[in-house]
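J.: Before anything else, here's the structure in question.
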Amino acid sequence: MKKNKLFLYVLAAIGLFILPLLAQQIGNGPVRIIDLALLYVLLALGLNIVVGYAGLLDLGYVAFYALGAYMFALLASPHLSEQFEAFKTMFPDGLHSPLWIVIPVGAGLAGLFGILLGAPTLKLRGDYLAIVTLGFGEIIRVFLNNMEHPLNITNGPRGIGQIDGIHIFGIDLGKPLDVFGFVLPPVTLYYYLFLALVIFSIVICYRLENSRIGRAWMAIREDEIAAKAMGINTRNLKLMAFGMG
């Protein structure tokens with residue numbers, strides 16, 4: 001049985017590795033679609049922590065995704081320097097923060113807002129929680145689309161442009177890479193980055209599921225009153241689920 005599983009894992013790994021190379025024969029479009037699919041897999045993995053493990057019906061989860069994305073854009077583009085003189089004085093060419101700073105800051109901001117959303121909704125369950133979180137997601141969308149006046153922070157519905165390409169170990173993923181005479185376009189390089197992030201996230205989710213925290217989340221999901229009677233701190237664990245997601 002273990003040999004069969006190992007064989008399947010190796011086969012899946014080979015398939016995922018060559019998938020963009022095969023799709024690239026048609027053009028960049030199919031690879032770009034696969035890239036977006038991997039991004040939404042990441043989104044689903046985070047949502048699974050909140051809804052699947054803890055049983056909290058969060059319909060505004062994509063708002064945290066948006067906050068992290070805007071933080072990435074602001075820290076890796078000249079937008080703030082173009083709009084604010086104070087930033088232009090300190091950073092004439094704009095904020096071009098490295099990936100190792102942008103990712104933790106963006107994730108931290110999303111996690112902070114997750115906790116801020118979770119705090120006032122701890123007493124809500126089921127459909128009521130879903131309605132409140134859905135409203136929060138819509139508020140964030142409208143708010144970000146209108147943060148253009150009087151201070152242009154998000155550039156309104158047009159969005160932020162001139163975002164830096166991602167650099168990893170000196171490799172610019174925004175430019176084609178020559179590997180032993182075989183040229184990998186940027187969309188394919190981003191595919192491998194997103195695939196690595198998906199695998200990393202799956203490992204984290206698997207470890208969480210089998211941890212004491214994961215089992216406590218599942219106890220809350222099945223029966224919150226019984227979980228509280230068994231001594232589980234449901235308030236802190238709910239907040240942790242929102243933040244971890």
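The values are calculated or read from the model by the stated rules, or taken from the named source; none is laboratory data. It should be emphasised that the depicted structure is a prediction, and the values quoted were computed from it without experimental measurement. Note that each Cβ is placed from the backbone with ideal geometry, even for glycine, and that neighbours are counted across all protein chains shown. SASA here: full protein model, heavy atoms, side chains in, ligands and nucleic acids out. Shrake-Rupley method; radii C 1.70, N 1.55, O 1.52, S 1.80 Å.
J.: One residue is enough: does the stretch 17-37 have a residue meeting the conditions hydrophobic (A, V, I, L, M, F, W, C), part of a helix (DSSP H, G or I) and under 29 Å from Met218 (Cα atoms)?
T.: Restricting attention to the stretch 17-37, the residues satisfying the condition of being hydrophobic (A, V, I, L, M, F, W, C) are 17-19, 21-23, 26, 31, 33-34, 36-37.
Narrowing the set further to residues that are part of a helix (DSSP H, G or I) leaves 17-19, 21-23, 31, 33-34, 36-37.
Still in the running and under 29 Å from Met218 (Cα atoms): 37.
Yes, the conditions are met somewhere in the stretch 17-37.
J.: Please give the number of the condition Gly137 fails out of (1) surrounded by 18 or more Cβ atoms within 10 Å (Cβ to Cβ); (2) without any contact (Cβ under 8 Å) to a residue 12 or more places away in the chain.
T.: (2)
J.: Is it the case that Asp58 is farther than 19 Å from Ile166 by Cα, open to solvent by less than 80 Å² (accessible area, probe 1.4 Å) and acidic (Asp, Glu)? Steps first, please.
T.: Numbers: farther than 19 Å from Ile166 by Cα: yes; open to solvent by less than 80 Å² (accessible area, probe 1.4 Å): yes; acidic (Asp, Glu): yes.
Considered against the rule, which asks whether it is farther than 19 Å from Ile166 by Cα, open to solvent by less than 80 Å² (accessible area, probe 1.4 Å) and acidic (Asp, Glu), Asp58 comes out as yes.
J.: On to the next question. Looking only at the stretch 140-151, decide whether some residue is acidic (Asp, Glu), over 30 Å from Gly52 (Cβ atoms) and open to solvent by less than 70 Å² (accessible area, probe 1.4 Å). First the steps, then the outcome.
T.: Residues of the stretch 140-151 acidic (Asp, Glu): 148.
Remaining after also requiring over 30 Å from Gly52 (Cβ atoms): 148.
Retained after the next criterion (residues that are open to solvent by less than 70 Å² (accessible area, probe 1.4 Å)): 148.
Within the stretch 140-151, one or more residues are acidic (Asp, Glu), over 30 Å from Gly52 (Cβ atoms) and open to solvent by less than 70 Å² (accessible area, probe 1.4 Å).
J.: Give the residues of the stretch 66-93 that are among the small types (Gly, Ala, Ser) and either crowded, with 18+ Cβ neighbours inside 10 Å or within 18 Å of Phe242 (Cα to Cα) (or both), sorted by residue number.
T.: Scanning the stretch 66-93 gives Ala66, Gly68, Ala69, Ala73, Ala76, Ser77, Ser81.
J.: Do we find that Lys238 is in contact with a helix residue (DSSP H, G or I) (Cβ under 7 Å, 6 or more places away or on another chain) and open to solvent by 20 Å² or more (accessible area, probe 1.4 Å) in this structure?
T.: No.
J.: I would also like to ask the following. Do any residues in the stretch 18-32 that are modelled with pLDDT of 85 or more have Cβ atoms under 6 Å from those of residues that are surrounded by 11 or more Cβ atoms within 10 Å (Cβ to Cβ) and not in a helix (DSSP H, G or I), where the two are at least six apart or on different chains, and which pairs are they?
T.: Listed by first residue and then by second, the contacts come to Val31/Gln24.
J.: Now for a separate question. Contact list please: Cβ distance under 8 Å, first residue in the stretch 155-176 and on the phi > 0 side of the Ramachandran plot, second residue at pLDDT 80 or above and of a type in the set (Ser, Thr, Tyr), pairs at least six apart or on different chains.
T.: Cβ pairs passing all conditions: Gln162/Ser77.
J.: Another one. Check off (1) in contact (Cβ under 8 Å) with a residue 40 or more places away in the chain; (2) of a type in the set (Ser, Thr, Tyr); (3) open to solvent by 30 Å² or more (accessible area, probe 1.4 Å) for Tyr191 and give me the number that stays unchecked.
T.: Tyr191 satisfies every listed condition except (3).
J.: Kindly provide the set of residues from the stretch 104-131 that are open to solvent by less than 90 Å² (accessible area, probe 1.4 Å), without any contact (Cβ under 8 Å) to a residue 40 or more places away in the chain and either in contact with a strand residue (DSSP E or B) (Cβ under 6 Å, 6 or more places away or on another chain) or assigned to a helix (DSSP H, G or I) (or both), ordered by number.
T.: Across the stretch 104-131, the qualifying residues are Pro104, Val105, Gly106, Ala107, Gly108, Thr121.
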